[in-house]
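What follows is calculated from the coordinates using simple rules that are stated; it is not laboratory data. The structure presented is a predicted model; accordingly, all values stated were derived computationally and were not measured. Note: ideal-geometry Cβ built from the backbone for every residue, glycine included; neighbour counts use all protein chains shown.
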Amino acid sequence: MNRHFSDARYYFRRGFDHLYTGLKEESEPLRRRIMKAMGREMEEEEIEPQSRRERVEYGARRAATRGRRAARKVRRRVERTE
């Protein structure tokens, strides 16, 4: 019985990955239009990769970039108040 659960989990995860990828591809034009309307056009590096390893590396780079931006904003605010 245990083998059936592991098989079911494998196929569920695989199906979910395909669903996620398909929805992301279909919604990309809408996302680009919304970002452009908000004045935040997407850069080429902002397009998310497909493999799990690439997604993890992309997430790490994006987190580091956001952290640097947040630190820069805080430094500017502190400089203004002094």
TODO: Measure nothing fancy, just the Cα-based angle from helix 52-81's long axis to the longest principal axis of the chain, in degrees from 0 to 90, nearest 10.
DONE: 20
- [ ] With a point put 7 Å past each Cα toward its Cβ, work out how far Arg40 is from Arg61 in nm, to one decimal.
- [x] 1.9
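Is it possible to state the helix-based mean residue ellipticity at 222 nm for the chain, with each DSSP H run of 4+ residues giving -39500 (n - 2.57), the sum divided by total residues, to the nearest 500 deg cm²/dmol? What is it?
-29500 deg cm²/dmol
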Open item on the list: In whole Å, what are the extents of the chain along the principal axes defined by its C-alpha atoms, from largest to smallest?
Closed with: 67, 30, 18
TODO: Treating the angle as unsigned and between 0 and 90°, give the value, to the nearest 10°, between the Cα long axis of helix 2-37 and the longest Cα principal axis of the chain.
DONE: 40
